[in-house]
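Since the structure comes first, as structure tokens, the remarks are kept for the end.
Every read-out reported here was derived from the displayed coordinates using simple, explicitly stated rules and does not represent laboratory data. Source: prediction; values computed, not measured. Ideal geometry is used to build each Cβ from the backbone, glycine not excepted, and the neighbour counts take in all protein chains shown.
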Ligand SMILES: Cc1cc2nc3c(=O)[nH]c(=O)nc-3n(C[C@H](O)[C@H](O)[C@H](O)COP(=O)(O)O)c2cc1C
């Protein structure tokens, strides 16, 4: 099989992209409206971009030609939090993904507590063991796409005591973090075997 991506439909391109770039980490993005109404939604077009400065990127699609609530809010407040979805939050994450109207508070809907970030004007999910507090660093229009790439600079990282660090480092121990990855459609991946491969020495 061999596909000319320019000859495929939007749906087919989406299917190939999201089933081959896997597993994707999930940014559970929390924001609020300028008048303080919380919003929460998962985004798996999500990547680490740079350590210095500390940057992460989220690609946000549109809904019926309009920006999603997350994009609208973070444009207004210039802030968002990325809550790392772990095994304990998988059902709540899915509940928060409904295409709800802007007045719906997905924290309440999913039975979660919203706490106030220390460094940016955004809420975070108190139940999440790892949270990145981000200021809006850059918004990048993707030419020809209905998606917008949002780059956040992480100003503060919150880690619960349940997350161990590898001795002498700030590497969060994956076995205690228990992150969830997105596959395609409604399918997810949990952490399985974790082989260790020392890099070749020259
Ligand atoms: C696991 C998962 C990952 C998702 N990833 C994305 C994504 O990367 N980009 C996107 O635009 N929508 C994505 N969605 C859909 C949004 O979560 C959904 O449109 C949500 O209602 C947007 O909420 P908002 O309008 O409050 O921002 C994803 C949904 C799920 C369940």
Original post:
What is the list of residues in segment 126-167 whose amide nitrogen lies under 14 Å from a point 7 angstrom out from the Cα of residue 10, following Cα to Cβ?
Top reply: 144-148
Original post:
How much mean residue ellipticity at 222 nm does the chain get from its helices, if each DSSP H run of length 4 or more adds -39500 (n - 2.57) and you divide by all residues, to the nearest 500 deg cm²/dmol?
Top reply: -4000 deg cm²/dmol
**OP:** Please arrange 45, 14 by counting, for each residue, the other beta carbons lying within 10 Å of its beta carbon, fewest first.
**Re:** 14, 45
Original post:
Given a Förster distance of 30 angstrom, what is the FRET efficiency for residue 116 paired with residue 17, based on the Cβ-Cβ distance and rounded to 0.05?
Top reply: 0.25
Original post:
By the gyration tensor of its Cα atoms, with a ≥ b ≥ c the square roots of the eigenvalues, what is the shape of segment 12-54: rounded for a/c under 1.5, prolate for a/b over b/c, or oblate?
Top reply: oblate
Subject >> Point-to-point label distance, residue 155-residue 103, nm (Cα→Cβ direction, 7 Å offset) >> reply: 3.2 nm
Original post:
Is segment 119-186 rounded, prolate or oblate when judged by the Cα gyration tensor, a ≥ b ≥ c being the square roots of its eigenvalues, rounded requiring a/c under 1.5 and prolate requiring a/b larger than b/c?
Top reply: prolate
**OP:** Please report the relative contact order for segment 63-202, taking Cα pairs under 8 Å with a sequence separation of at least 6, and give it as a percent rounded to a whole number.
**Re:** 21 percent
**OP:** Could you let me know the centre-to-centre spacing of segment 148-176 and segment 38-62, using Cα atoms, in angstrom?
**Re:** 15 Å
**OP:** If a/c stays under 1.5 just call it rounded; otherwise compare a/b with b/c (prolate if a/b is bigger, oblate if not). Do that for segment 1-108, with a ≥ b ≥ c from the square roots of the Cα gyration tensor eigenvalues.
**Re:** prolate
Subject >> segment 22-108 - percent relative contact order, Cα under 8 Å, separation 6 or more >> reply: 37 percent
Subject >> segment 26-169, Rg to Rh (Cα coordinates; Rh as Kirkwood inverse mean 1/r) >> reply: 0.95
Subject >> Förster-model FRET efficiency, 25 Å R0, residue 190 and residue 126, C-beta, rounded to 0.05 >> reply: 0.65
